[in-house]
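**Student:** Dropping the structure in here first, questions after.
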Amino acid sequence: MRGIKGAIFDADGTLFDSMGLWDQAGERYLKRKGIRPRKEIRQKLETMTMGESAEYFRTSYGILLRNDQIIDEFNTMIYDCYKEEIRIKPGLLSVLEDLKSRSIRMCIATSTDRPLIEAALKNNGIDSYFTGILTCTEAGAGKRNPRIYEQAMGIIGTKKEETLVLKDAYFAAETAKKAGFLLAVIRDLYSEKDREKLLRLADVYLEKWEDWGQKM
């Protein structure tokens, strides 16, 4: 691991303690409108697209807006959260400082829209650490395809065998590992169901970012 020259970070759950926002976003949206969400709302929204979610809000909760208006309101709410509320995970800053001191180039590969990530980076004062950001939309593939990591590697100009991918979620971590990247996994509450699989998969498994100095 001491030979790495590049690091590709996931954003949600890895850099940012933000997975809870997405888990609770539907409830938050309804509460902002003075509507009490039903218990099953998280399960209902889990597999829905934005358009389907908007239709669900409209038909099941009586929101008198068009679907596109609901989506606009929802996106504005999420953006405001990334701009003002979302924080980096404890101990991350010292990791970024360590990588910077070793001249290791860093970028972000994420499925989250660029404006949200840029807002959270700036709000937390860590935007200067990263050479670039690449989203799944920009890469033209989701994280079950290694394309986003291959393209991110091009941004930092490293070879695969000297590039570390840092993740929290299993399916994307598996994609990076199978593609031949070095893999570090940071534990996150929302990936606990896959903990044993992640432990077996990772080259390095971190219970928390504060363990970085001992493992790396």
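**Student:** Looking at (1) surrounded by fewer than 17 Cβ atoms within 10 Å (Cβ to Cβ); (2) in contact with a Leu (Cβ under 6 Å, 6 or more places away or on another chain), which is the only condition VAL165 fails?
**Tutor:** Unmet for VAL165, out of (1) surrounded by fewer than 17 Cβ atoms within 10 Å (Cβ to Cβ); (2) in contact with a Leu (Cβ under 6 Å, 6 or more places away or on another chain): (1).
**Student:** Among the candidates ALA176, ALA172, which residue alone is under 21 Å from TRP209 (Cα atoms) and either at pLDDT below 95 or open to solvent by 40 Å² or more (accessible area, probe 1.4 Å) (or both)?
**Tutor:** ALA172
**Student:** While we're here: So which residues in the range 88-129 are surrounded by fewer than 20 Cβ atoms within 10 Å (Cβ to Cβ), under 17 Å from MET153 (Cα atoms) and within 16 Å of the chain's Cα centre (by Cα), if there are any at all?
**Tutor:** Once the filter is applied, which keeps residues that are surrounded by fewer than 20 Cβ atoms within 10 Å (Cβ to Cβ), under 17 Å from MET153 (Cα atoms) and within 16 Å of the chain's Cα centre (by Cα), the range 88-129 yields only SER111.
**Student:** For the range 139-162, which residues satisfy the criterion of being open to solvent by 50 Å² or more (accessible area, probe 1.4 Å) and under 15 Å from the mean Cα position of the chain (by Cα)?
**Tutor:** ARG144
**Student:** State the number of residues belonging to the range 68-122 that are over 17 Å from THR14 (Cβ atoms), polar (S, T, N, Q) and touching a Phe, Trp or Tyr at 6+ places or on another chain (Cβ under 9 Å).
**Tutor:** 0
**Student:** Something else about it: How about the range 72-86: which of its residues are part of a helix (DSSP H, G or I) and open to solvent by less than 40 Å² (accessible area, probe 1.4 Å)?
**Tutor:** PHE74, MET77, ILE78, CYS81, TYR82
**Student:** Among residues belonging to the range 120-165 that are assigned to a loop (DSSP other than H, G, I, E, B) and touching a Gly at 6+ places or on another chain (Cβ under 8 Å), point out the one that is nearest to ALA179 (Cα to Cα).
**Tutor:** This residue is THR158.
The values are calculated or read from the model by the stated rules, or taken from the named source; none is laboratory data. Keep in mind that what you see is a predicted model, and the values were worked out from it rather than measured. Heads up, the Cβs are rebuilt from the backbone with ideal geometry, glycines too, and the neighbour counts pull from every protein chain shown. Heads up: the accessible areas ignore ligands, DNA and RNA and are worked out on the full protein's heavy atoms, side chains in. Shrake-Rupley method; radii C 1.70, N 1.55, O 1.52, S 1.80 Å.
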